[in-house]
């Protein structure tokens, strides 16, 4: 035994992030706590969209929370023939639309420039140019704003947007183009 | 496959050609909000409650099924022994059906009175075969959702509302996701939020 060399043991730890499908398999298998992975993964992205869609921090948080709760209850209806994020945003869109309808009956919808919610940015603090951009976005009608955000900020395909909104691809393309034209016109004088 | 791979030749990303929109998209994509600490915790608390409720419901269903098997088996066994028809099983089935109808009726309750109890009773019905939840929202509820109940007829969902005379606008929502119009009512197209609006006109009722 004295002649044995001590083996060098090298422990390699590899962190593997579970895919959405893998997490969903755990949740459907009865592991409720696994759903927290999806909540943590999608909450910020959903909140980013809801903040720009609704222009209100409290309403956006409520919409996102309701979306994630409803998504858990509707998991049996998720067929996994598309991205989980796209399916989740379908629920989020409807939550945002419902919130807007309720809110429109309760108060004036004009959001002053200094009341648009500030959103943290990865690299830089909020800035004046960013505020101009957010104001220009807020001035779009809800459906134009929604289409632009889904396509160019959240990166969904037109087929996914069709699933999310129930609208035809042509109508969605028109809305995205119209939103882009309005933003371009509105911001052409701003030193971006 | 990234979403950029889905671009058709006439659908290239804006940022490739348009510096203004490219800057807009870059700014908006760089936003990454920090959720409140309570937000995700509230979600998981609600999810755990839902999971507990579903487990309790499954346990109840299992218990009812076991009791039914034992009860009907007992009564059927007695009928076989006497050589007669399985009247016991028939009687047990009648009891279960009546109890189910009673429980269902109790759950539905009477007409919902969003405005406090005045007006005419109106029944709204929606056929949705695969739905697990249907609600209706309208100006009569300040667009807060009111739950419909299965009417027991095929795939129909139903709610009774007591509404005052006049024009009412509303829409159904299926499984908290999809808004649908009432096919039995006139429509007013989609509102600015993309929701298909149905219209209900209630005449004044002669005193």
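The values are calculated or read from the model by the stated rules, or taken from the named source; none is laboratory data. Computed from a predicted model, the values in this text were never measured in an experiment. Cβ sites come from the backbone with ideal geometry, for glycine too, and all protein chains shown count toward neighbours.
Is it the case that region B:115-128 has a residue that's within 30 Å of residue B:61 (Cα to Cα), at pLDDT below 85 and within 18 Å of the chain's Cα centre (by Cα)?
no
When region A:49-88 is examined, which residues are found to be in contact (Cβ under 8 Å) with a residue 60 or more places away in the chain, farther than 18 Å from residue A:165 by Cβ and buried (at least 22 other Cβ atoms within 10 Å of the Cβ)?
The answer is A:51, A:55.
Is it the case, given these coordinates, that residue B:148 is surrounded by 20 or more Cβ atoms within 10 Å (Cβ to Cβ), out of contact with any helix residue (DSSP H, G or I) (no Cβ under 7 Å at 6 or more places or on another chain) and either without any contact (Cβ under 8 Å) to a residue 24 or more places away in the chain or over 19 Å from residue A:165 (Cβ atoms) (or both)?
yes
Only residues that are within 17 Å of residue A:135 (Cα to Cα) and without any contact (Cβ under 8 Å) to a residue 24 or more places away in the chain: list them for region A:162-189, please.
A:181, A:184, A:185, A:188, A:189 - these are the residues of region A:162-189 that are within 17 Å of residue A:135 (Cα to Cα) and without any contact (Cβ under 8 Å) to a residue 24 or more places away in the chain.
Under 6 Å between Cβ atoms, at least 6 apart or on separate chains: pull out the pairs that start in region B:29-51 with a residue that is more than 7 Å from chain A (Cβ to nearest Cβ) and end on any residue that is assigned to a helix (DSSP H, G or I) and surrounded by fewer than 16 Cβ atoms within 10 Å (Cβ to Cβ).
No pair meets every condition.
Conditions (1) touching a residue at least 40 places away in the same chain (Cβ under 8 Å); (2) within 24 Å of residue A:99 (Cβ to Cβ); (3) outside any strand (DSSP E or B); (4) within 13 Å of another protein chain (Cβ to nearest Cβ), marked per residue:
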site: B:136; (1), (2), (3), (4): no, yes, no, yes
site: B:144; (1), (2), (3), (4): no, yes, yes, yes
site: B:157; (1), (2), (3), (4): no, yes, no, no
site: B:161; (1), (2), (3), (4): yes, yes, no, no
site: B:168; (1), (2), (3), (4): no, yes, no, no
site: B:171; (1), (2), (3), (4): no, yes, no, yes
site: B:182; (1), (2), (3), (4): yes, yes, yes, no
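Can you name every residue in region A:146-161 that is assigned to a helix (DSSP H, G or I) and in contact (Cβ under 8 Å) with a residue 40 or more places away in the chain?
Within region A:146-161, A:146, A:149, A:150, A:153, A:160 qualify.
When the residues of region B:125-134 are narrowed to those that are under 16 Å from residue B:181 (Cβ atoms) and not in a strand (DSSP E or B), which ends up nearest to the other protein chains (Cβ to nearest Cβ)?
B:131
Determine whether region A:84-104 contains at least one residue that is assigned to a loop (DSSP other than H, G, I, E, B) and at pLDDT below 85.
For region A:84-104, residues assigned to a loop (DSSP other than H, G, I, E, B) and at pLDDT below 85: absent.
Only one of (1) surrounded by fewer than 22 Cβ atoms within 10 Å (Cβ to Cβ); (2) touching a helix residue (DSSP H, G or I) at 6+ places or on another chain (Cβ under 6 Å) is not met by residue A:181, so which one is it?
(2)
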